[in-house]
Structure formats: C-alpha cells, structure tokens
There are 2 protein chains.
Amino acid sequence: MSNTTAATQFLEVSGLRYAYRRIGKGPGLPLLCLQHFTGTLDNWDPAVTDPLASGRDVILFENAGVGRSTGDVPPTITAMTGHALAFLDGLGVETCDVLGFSLGGMIAQQMAQDRPSIIRRMILVGTAPRGGEDIMHLEKPSLAKHIQDPQNRGYAVLQKIFFAPTPTSQAAGAAFIARLMQRKDDREPPAGPNVAGAQLAAFREWERFTGQRFADLKGIRHPTLVVQGFHDEMIPVRNSYWLGENLPNAVLLVYPDAGHGSLFQYAESFTRHAAAFLSSTSVPAAL
Amino acid sequence: MSNTTAATQFLEVSGLRYAYRRIGKGPGLPLLCLQHFTGTLDNWDPAVTDPLASGRDVILFENAGVGRSTGDVPPTITAMTGHALAFLDGLGVETCDVLGFSLGGMIAQQMAQDRPSIIRRMILVGTAPRGGEDIMHLEKPSLAKHIQDPQNRGYAVLQKIFFAPTPTSQAAGAAFIARLMQRKDDREPPAGPNVAGAQLAAFREWERFTGQRFADLKGIRHPTLVVQGFHDEMIPVRNSYWLGENLPNAVLLVYPDAGHGSLFQYAESFTRHAAAFLSSTSVPAAL
C-alpha cells in the first residue's frame with residue numbers, strides 16, 4: 001500500500017465528513033499524520049508515508065474544510081485540534097503516535113495538552129511552540145519572491161519554499177514534486193484562499209502567549225522527536241530549539257542544506273529515525 | 001581491546017614526548033579523539049571508545065603538558081592544534097576522522113582550518129565555535145557551587161558538572177564514573193592547576209573573534225556531526241546551534257535530560273550514530 005494509490009476514505013462525525021487515508025499494517029500503534037499549511041492528503045510524500053506504513057497503520061487526516069473534508073477551516077489551532085480528536089474518537093482510536101508537520105505539529109502539541117492520553121509518542125517536524133516566532137510570514141521577501149513569481153505555478157512554489165536554495169536541496173525538491181505527482185486518481189481538490197486565510201489566522205493566534213513563555217511545554221511529558229532543517233525560511237529553526245529546550249523529553253535532529261521540507265529531502269534518514277523512535281521504549285527520548 | 005586496559009604509549013616528536021593510546025582495528029579511517037578541559041587519557045569512557053574501536057583504529061591523544069605528555073600546556077587553541085598535527089605527522093597519519101569533545105572540539109575545528117586535508121569527517125561534542133559564548137566559565141554560580149563543594153572530590157565533581165541535575169542523568173553520571181574507575185593500572189597523573197589555568201586562558205581567547213562572527217566556519221566543508229545535551233551548563237547548547245547553522249555540512253543531534261557529558265550518558269546511541277556517520281559517504285552530512 002502506498003499513498004500514491006491508497007483510496008480516500010470518509011468518516012462521518014457529528015454532521016461533518018472527514019476525508020482520510022489509511023495505509024500499512026504492523027505491530028506498531030497507529031500513526032496519525034497531520035498536514036502542513038494548505039496541504040491535502042495528496043501532499044504526503046510516499047517516500048515518508050510508505051516506509052512508515054511497513055510497520056504500522058498510518059492514518060493521513062484531512063482537517064475540516066480542507067480537501068474533501070466538509071466544514072469550515074477554523075481560525076485557531078485549538079479548534080483544529082478539536083476536529084482531530086473528534087476524528088480519532090469516530091475512528092475508535094484510543095491511543096496513537098502522531099507525526100505533525102508544520103501546522104500539523106502545532107495541532108499535535110495542542111492534542112498533547114488537551115488530551116494527553118490519546119498520544120504515546122510525537123514527532124514534530126518543521127513546527128513551532130505556542131509563542132514561537134516568524135511562523136509562516138508569507139509576506140516577507142524571502143518567501144514572497146517565490147510565491148508571487150508567476151513562473152512558479154502549482155507544485156513549483158513548494159519546491160522553492162520547502163527546500164534550500166542550493167543545487168542539492170533544489171534537486172531533492174524536484175524529486176519530491178515528482179513523487180507527489182505519481183498519484184493520478186482520486187486526488188483531493190487543492191486548497192483555495194479560504195483555507196489559506198483561516199490557517200494564517202491560526203498561525204497569528206499561535207504566535208501569541210500569556211504568562212511565562214513556553215511554560216506550557218514543560219507539562220508535555222510525551223517522548224518527542226523534533227526535526228527541522230537549518231535553513232527553514234517558513235518556520236525558522238530556533239522554534240525547534242525552543243521545543244527541544246522546553247519539552248522535558250525531546251530529542252532534536254536538525255539536517256543541513258535543508259529548509260521546511262527536511263523530512264522529504266532526507267526521507268530515507270527521516271523514516272529510519274522516525275521508525276526507530278516509535279519502536280523505542282526508552283525514556284528519556286533518544287534516537 | 002578497551003581503554004580500560006590499553007597500554008599508554010609514547011611518541012617522541014621534536015624533543016617532546018606525547019602520551020597516547022591506540023585501540024581497535026577495522027576498515028575505517030583512524031579516529032583521533034581529542035579530550036576535554038583537564039581530562040587525560042583516563043577520562044575517555046570505555047563505553048564510548050570501545051564500541052567505536054570495533055570498526056577502526058581509535059587513537060586517544062594527550063596534548064602537550066597534560067598527563068604524561070611533556071612540554072607546556074599552550075594558552076591558545078591554535079598552539080594546541082599545532083601539537084595535535086605534529087603528533088599525527090609523527091605517527092604517519094595523513095588523513096583521519098576526528099572526535100573532539102569540548103576543548104577537543106575546538107582543536108578539531110582549528111585543525112580543519114589549518115590543515116583541511118588531514119581530516120575527513122568530524123564529530124564535535126559539547127563544544128563551541130570561535131566567538132562562542134559562555135565557554136567554561138567555572139566561576140558562574142551553577143558550576144562553582146559544585147566545584148567548590150568540599151563534598152565533591154575527584155570524579156564526584158565530574159558527575160555533578162557533566163550531567164543534568166535529574167535522577168536519571170545523575171544515575172548515568174554515576175555509571176560513567178564507575179566505568180572510568182575500571183582502569184586500575186598505568187593511569188595518567190591528574191591535571192593540576194597549571195593545566196587548568198592555561199586551558200582556561202585558551203577558552204577566553206577562543207571566545208574572541210574578529211570580522212564577521214562565525215564566518216570562518218563557512219569554509220569548513222568537512223561533513224560534521226554536532227552533538228550536545230540541552231542542559232549543558234559548561235558550554236551552553238546555543239554554541240552547537242551556531243556550529244550547525246554556520247558549518248555548511250553539519251547535522252545536529254541534541255539529547256534531552258543531559259548536560260556536557262551527553263556522549264557518555266547516551267553512549268549506546270552516540271556510538272551507534274557516530275559509527276554510522278563515520279561509515280557514511282553521504283554529502284550533505286546526514287545520520
């Protein structure tokens with residue numbers, strides 16, 4: 001089974017219909033995968049999902065209002081987290097591991113806060129804690145120049161903004177795009193401006209904090225693997241430093257020559273470490 | 001062969017006598033190990049040296065004026081680097097890998113600057129770039145309270161200042177001390193105040209920089225693995241962030257619940273990753 005061919009499924013919960021895909025099997029706990037800004041189920045790189053699916057049930061979740069999931073995209077991480085929990089409840093999953101990428105990593109953290117028992121281990125990639133900085137400011141020149149360039153259409157933008165501006169990273173980006181395009185049928189509709197607008201509002205709200213900065217992280221005891229690229233322009237790497245320094249039980253891995261899409265650029269290394277981390281029972285978390 | 005039992009050897013070069021040990025064999029390049037502040041050959045944890053020696057020739061080097069190496073401890077990293085290069089030349093090693101811990105990591109970086117051809121891959125643990133901050137300020141309260149406590153004698157100080165103040169990390173520290181004490185014979189004399197004074201002067205000099213901060217790192221192309229503990233009080237982890245961000249080809253691994261001695265606390269994980277990194281030919285560096 002591969003995310004290139006897995007059928008999109010639908011789950012009805014409280015009048016909403018969530019789209020999802022489920023691939024793989026094995027002895028591991030289910031792994032819930034939470035997607036990035038404007039990403040749909042089709043944005044999950046099979047080079048990441050498929051190796052992980054060889055040891056466990058990998059569940060790709062489409063949050064409300066994205067792709068073929070109904071409802072509105074909420075303007076807060078907290079409300080998006082409510083949808084993720086409702087989806088797991090509807091599916092009958094009581095405990096799972098979570099891979100949250102970017103926006104998805106924020107939802108994973110909020111899940112760990114709101115219902116600690118539903119998560120065993122977390123993998124947070126290219127994301128930021130509440131109170132983090134410079135989260136998805138698409139208006140800044142280093143990102144705007146790619147997003148507003150009329151030469152960059154569709155996936156070509158992703159290659160520019162998810163990968164570092166080096167030949168090696170851009171080549172990895174091209175390979176990533178080619179892998180996404182392998183899926184021909186049963187594709188999700190791309191996200192439009194309404195999705196982007198609400199998700200950007202959620203990022204702005206996530207940058208705010210009250211009380212002592214990052215104090216909320218100290219209560220998240222889940223073993224956590226934090227991953228990022230040193231040259232992430234969308235969510236700078238210092239946000240992962242803060243995660244690692246304040247989560248009591250997190251190991252940090254940062255890749256060179258990589259931007260926001262480090263997990264796709266280093267898919268072999270990332271999935272090897274992710275699988276080892278999920279299989280490990282060591283506390284404190286180690287790779 | 002183990003550092004618990006390996007005989008100390010001596011090499012005469014230009015009127016000086018360097019103490020060293022050499023353990024292991026295998027297909028890998030020799031691995032030169034450069035030691036921390038006031039550490040001697042006896043401070044190399046067999047849980048780190050011995051697994052690495054199963055695949056390669058591991059060379060533990062005692063810099064000038066330390067242990068039974070003759071000469072004076074130089075007050076600069078540059079001069080210490082000269083001794084390391086003279087030692088390798090005397091031994092006939094033209095290219096090697098280097099594991100530099102703390103002070104040793106600074107010498108490794110200077111070697112890469114002064115003679116790039118002598119290094120293939122570097123592992124830098126608990127160290128700092130030139131221009132780094134808060135490098136071994138033993139006078140600060142968080143360190144001085146342990147160093148000046150009369151209850152802490154000999155290796156007991158190391159357990160306090162190399163490990164985090166948690167039960168798990170302190171237990172790992174006690175196990176580390178027990179491993180160091182397994183070596184009964186042919187031990188090096190402990191470093192005295194003259195060694196400490198000159199090495200501290202070298203740290204102060206290493207904190208200074210001219211021109212653009214960290215610009216010198218951009219010329220070091222060697223694949224590098226940077227490792228640290230999040231709770232390192234002796235050389236704070238932000239120094240490893242700067243290494244990773246400015247070295248063009250470095251991957252970063254930071255352990256939770258660990259201080260300066262992260263490589264000893266996580267010896268199994270560290271040696272597994274170090275061996276994989278040294279065996280890898282991938283560029284950019286990845287684990």
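The values are calculated or read from the model by the stated rules, or taken from the named source; none is laboratory data. All of these numbers come straight from a predicted model, not from anything done at the bench. Here Cβ is always computed from backbone atoms with ideal geometry, including for glycine, and neighbour counts include all displayed protein chains. The accessibility values were calculated without ligands, DNA or RNA, using every heavy atom of the protein model including side chains. Shrake-Rupley method; radii C 1.70, N 1.55, O 1.52, S 1.80 Å.
Taking the 1.4 Å solvent-accessible surface of segment A:147-287 as the whole, the part contributed by carbon and sulfur is 57%. In order along segment B:186-193, phi translates into HN-Hα couplings of 6, 8, 7, x, x, 6, x, x Hz, rounded to whole numbers, per the Karplus curve 6.51 cos²θ - 1.76 cosθ + 1.60 with θ = phi - 60° and x for Gly and Pro.
Qualifying trypsin sites (Lys or Arg not before Pro) in segment A:170-252, where qualification requires a DSSP coil assignment and no more than 15 other C-beta atoms within 10 Å, comprise A:Lys184, A:Arg187, A:Arg208, A:Arg213, A:Arg221. Once each of the GluC sites (Glu not before Pro) sitting in a DSSP loop with at most 16 other beta-carbon atoms within 10 Å is removed, chain B keeps B:140-287 as its longest stretch. Using a simple spin-label model with pseudo-atoms 7 Å out from Cα toward Cβ, B:Ala201 and A:Ser279 lie 5.3 nm apart. All other residues with a Cβ under 9 Å from the Cβ of A:Glu133 taken together, and with Lys, Arg as +1 and Asp, Glu as -1, what is their net charge? Its environment carries a net charge of -1.
Straight Cα distances below 18 angstrom link A:Lys218 to none of the lysines, with same-chain residues fewer than 8 positions distant left out. In segment A:267-287, the residues whose accessible area drops by at least 50 square angstrom when the other protein chains are added to the isolated chain are A:Pro284, A:Leu287; the probe is 1.4 Å and only protein heavy atoms count. Just round it to a whole percent: the fraction of Cα-Cα distances in chain A exceeding 34 Å. Cα-Cα pairs in chain A separated by more than 34 Å: 10 percent. Within the shell defined by Cβ-Cβ distances under 9 Å, the residues around A:Asn239 carry a net charge of -2, with Lys and Arg each +1 and Asp and Glu each -1. Looking at segment B:137-287, the accessible area is 42 square angstrom per residue; that uses a 1.4 Å probe and ignores ligands, DNA and RNA.
Net charge of the neighbourhood of A:Phe162, taken over other residues with C-beta under 11 Å away and scored Lys/Arg +1, Asp/Glu -1, is -2.
When shorter helices are ignored and each DSSP H run of at least 4 residues is given -39500 (n - 2.57), the per-residue value for the protein assembly as shown at 222 nm works out to -11000 deg cm²/dmol. Association of chains A and B removes close to 1900 square angstrom of accessible area from solvent, both sides included, for a probe radius of 1.4 Å.
All C-alpha to C-alpha distances of the protein assembly as shown, sorted into 10 Å bins beginning at zero, yield P(r) values of 3, 18, 27, 23, 15, 9, 4, 0, 0 percent in whole numbers. Reducing segment A:98-142 and segment A:172-229 to their Cα centroids gives an inter-centroid distance of 6 Å.
Derived scalar couplings between HN and Hα for segment B:79-85 equal 6, 4, 5, x, 5, 4, 5 Hz in order, rounded to whole Hz, by the Karplus curve 6.51 cos²θ - 1.76 cosθ + 1.60 (θ = phi - 60°), x for Gly and Pro. Counting from the shortest, the label point at A:Pro27, 7 Å from Cα toward Cβ, is 3.0 nm from the same position in each remaining copy. A label point on B:Ala178, set 7 Å along the Cα-to-Cβ line, lies at 5.4 nm from each of its counterparts in the other copies, closest listed first. Starting from the label point of B:Ala7 at 7 Å along Cα→Cβ, the same points in the other copies fall at 7.3 nm, in ascending order. For the pair B:Val157 and A:Leu138, a Förster radius of 60 Å applied to the C-beta separation gives a FRET efficiency near 0.70, rounded to the nearest 0.05. Straight-line cross-link reach from A:Lys25 at under 27 Å between alpha-carbon atoms covers these lysines, not counting any fewer than eight positions away in the same chain: A:Lys184.
Which FRET efficiency value, to the nearest 0.05, is calculated for A:Glu94 and B:Val93 with the Förster distance at 56 angstrom and r the Cβ-Cβ distance? It comes out at approximately 0.45. Rolling a 1.4 Å probe over the protein heavy atoms gives segment A:1-131 an accessible area of 29 Å² per residue. Expressed as a whole percent, the accessible surface of segment B:1-99 that belongs to carbon and sulfur atoms is 53, based on a 1.4 Å probe.
Modelled label positions at A:Arg213 and B:Ser54, each set 7 Å beyond Cα in the direction of Cβ, lie 4.5 nm from each other.
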